[in-house]
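Beneath this line is the structure, given in structure tokens, with notes to follow.
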Amino acid sequence: MPLRLDGGGFRLLTAHRVQHNGARGPYKGGLRYHPDVDLDGVRALAAGMTWKTALAGLPFGGAKGGLDVDPKGLSPAELQRATRGVMDKLEKVLGPMRDIMAPDMGSGPAEMAWLMDEYGRLHGHTPAIVTGKPVELGGTVGRVEATGEGVAIVTHEMAAAIGLPLAGARVAIQGFGNVGSNAAAALARLGCRIVAVSDALGAVRNPAGLDVDELVRRARSGIVGHEGMTVERITNEELLATDCEILVPAAVGGVLNAATAGAVRARLVVEAANGPTTPEADRLLAGAGALVVPDILANAGGVIVSYLEWTQNTQNLAWARAQVDADLERRLVAAAADVRARAAADGCSLRAAAYRLGVSRVGRAVRLRGYV
Ligand code: NAD
């Protein structure tokens, strides 16, 4: 996809959209903006969305998209042109009953507004074409916070299951973007002490607890490099090894691997990011007695509230925040209970249980449609 640059000239970008499975409903999944985006990574994330929507009981299939660019390296005008360019290339395979995009790493409400506007220019006003829109343009209240708040709800359910009190529990969070910062705020409201957080530029730690509100205010400009907070600067590796009860990887994939997982001290690892734990790290963590809450459950709050946004759009409704929050909590609590019950029945990990549930629900839909 050629992107016209402000200073003249063009840059070639590559965009991908993978529609993995649509047996349960329209394809659904985010659009990631990151220099490392490639087809295989997008394929894996699309498959993850198929199991995630099924696990959450949503009438959607799974898809994912990506653009191989660092959005911080583009001007606002370039970013808008790149985003409209993605829609121009993809509009024929998208649609509110076909494939619905949403934000992911590097994208947010502004990009969703441009995507919706571009689709509307071609097809007429269609708010249900993307979720995660600004509220003024048909987005739902609570979508921005949904993934992080969902992480806190699932953490609450799983901590209770292993007898870990959340009051005073120490939490380390890797990644302080949309998901990490909202998870930090929601976990702090549940009584947790956020002792370490990081972003792409570095990490900060304070065993007595960090001031989450202050960090959120600083998040845009980077959480490190600021004066005035009592913090110790640490590396991202040290963050993963922080002495804490709960570790929340909320940035990129593959960070808990053979080299890093052995140092993890948390009892509960809650996968807010997609794919943060490699299979080898899974074995190491299980061997050390840590409970890993899989991504397709832990971060499902985002797609659940995306579903609520899409539902409102298709009926021209606008729900109150309390209705969104209650529906999100009800669905996540049910999904967490399903996963726990399946893990207990099968004697398997929470990850295996979540996949077994997701895959079997998709399998039933495929059979009922008469494909096998
Ligand atoms: P974001 O772009 O808002 O934030 C990402 C954060 O990670 C930033 O703070 C960035 O500085 C940090 N980061 C990047 N590379 C890092 C590294 N190597 N080490 C430490 N920190 C690093 O993205 P987001 O929307 O918060 O998404 C985070 C993760 O959650 C992704 O894996 C995404 O797929 C997943 N997720 C997001 C949503 C959603 O609704 N946004 C839903 C489900 C899953």
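Some notes on this structure:
- Distance between the modelled labels on Arg364 and Arg220, one decimal in nanometres: 4.6 nm (7 Å Cα→Cβ projection).
- Three-way shape call for the chain based on the alpha-carbon gyration tensor, with the a/c threshold at 1.5: oblate
- For the chain, the share of DSSP beta bridges that are antiparallel, to the nearest 5, is 40%.
- Rounded to 5, the percent of DSSP beta bridges in the stretch 145-298 classed as antiparallel: 30 percent
- By DSSP, the beta bridges lying fully in the stretch 2-141 are antiparallel in about 55 percent of cases.
- In the structure shown, the pairs Lys64/Lys89; Lys64/Lys92; Lys64/Lys133; Lys52/Lys89 are assessed against 20 Å; a Cα-Cα span above that value is assigned to Lys52/Lys89.
- Carbon plus sulfur fraction of accessible area for the chain, probe 1.4 Å, in percent: 53 percent
- Test item: Cα-centred dipole of the chain, Lys/Arg +1 and Asp/Glu -1 on Cβ, debye: 1140 debye
- Unit charges at the beta carbon, dipole of the chain: most positive-side option, Val151, Leu58, Gly301: Leu58
- Accessible area per residue for the stretch 197-284 is 47 Å², calculated with a 1.4 Å probe on protein heavy atoms, without ligands, DNA or RNA.
The values are calculated or read from the model by the stated rules, or taken from the named source; none is laboratory data. If you're wondering where the values come from, they're calculated on a predicted model, not measured in any experiment. Counting neighbours? That spans all protein chains shown, and the Cβs are built from the backbone with ideal geometry, glycine included. These area figures cover heavy atoms from the full protein model, side chains too; ligands, DNA and RNA do not enter into them. Shrake-Rupley method; radii C 1.70, N 1.55, O 1.52, S 1.80 Å.
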